[in-house]
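Asks: Sharing a structure, written as structure tokens. Questions coming.
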Amino acid sequence: MSNPPELSKEERRAALLKAAESRKTRALFKLEVKQRKRNWVEAFSHHDEAIRKMRVKELLLSLPGFGEIRALNVMERAGISLTRRVQGVGKSQYESLLKILKEES
């Protein structure tokens, strides 16, 4: 196992602040999806890196009526790995996801 990079206190503080900001951005986006203020599809074309780096599973869990089992079932049917991030979803996987979620609604 490799050692973490050596960072100065300032670099470490900046990285921690960036990580905290990314978590807040993702949490707000997921809340807006849950409250139906945003469409989940927006995550795939979003300009913010924090949103694009969100895991697909997290995104699906933020949908109203979705729990762990249903999200995993949809991901399996769409051929998406459990660890896949939004920015890493391929075109055919995205289209499968759209089709599956359209059928379920």
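Asks: For LYS9, are the conditions met, namely being among the basic types (Lys, Arg) and modelled with pLDDT of 95 or more? Write out each step before concluding.
Replies: On the way: among the basic types (Lys, Arg): yes; modelled with pLDDT of 95 or more: no.
For LYS9, the condition - among the basic types (Lys, Arg) and modelled with pLDDT of 95 or more - is not met.
Asks: Let me ask something additional. Assess whether LYS34 counts as being over 13 Å from the mean Cα position of the chain (by Cα) and of a type in the set (Lys, Arg).
Replies: Values: over 13 Å from the mean Cα position of the chain (by Cα): yes; of a type in the set (Lys, Arg): yes.
For LYS34, the condition - over 13 Å from the mean Cα position of the chain (by Cα) and of a type in the set (Lys, Arg) - is met.
Asks: Right, here's the next one. Which one of these does ASN3 not meet: (1) part of a loop (DSSP other than H, G, I, E, B); (2) under 17 Å from VAL86 (Cα atoms); (3) of a type in the set (S, T, N, Q)?
Replies: So ASN3 meets the others, but not (2).
Asks: So, one more: Conditions: (1) surrounded by 11 or more Cβ atoms within 10 Å (Cβ to Cβ); (2) within 12 Å of the chain's Cα centre (by Cα). ALA15 meets all but one. Number of the miss?
Replies: The failed condition is (2).
Asks: With the condition being of a type outside the set (Gly, Ala, Ser), more than 11 Å from the chain's Cα centre (by Cα) and surrounded by fewer than 17 Cβ atoms within 10 Å (Cβ to Cβ), I'd like the helices (runs of 4 or more DSSP H) fully within region 41-96 carrying at least 2 qualifying residues. If you could, list the steps in order and put the result at the bottom.
Replies: Values: elements: 49-52, 56-61, 68-78.
Qualifying helices (runs of 4 or more DSSP H): 68-78.
Asks: Please go through region 31-40 and give me each residue that is out of contact with any helix residue (DSSP H, G or I) (no Cβ under 7 Å at 6 or more places or on another chain) and surrounded by 14 or more Cβ atoms within 10 Å (Cβ to Cβ), ordered by number.
Replies: Answer for region 31-40, where residues must be out of contact with any helix residue (DSSP H, G or I) (no Cβ under 7 Å at 6 or more places or on another chain) and surrounded by 14 or more Cβ atoms within 10 Å (Cβ to Cβ): GLU32, LYS34.
The values are calculated or read from the model by the stated rules, or taken from the named source; none is laboratory data. The structure presented is a predicted model; accordingly, all values stated were derived computationally and were not measured. As a convention, Cβ positions derive from the backbone with ideal geometry for all residues, glycine included, and neighbour counts pool all protein chains shown.
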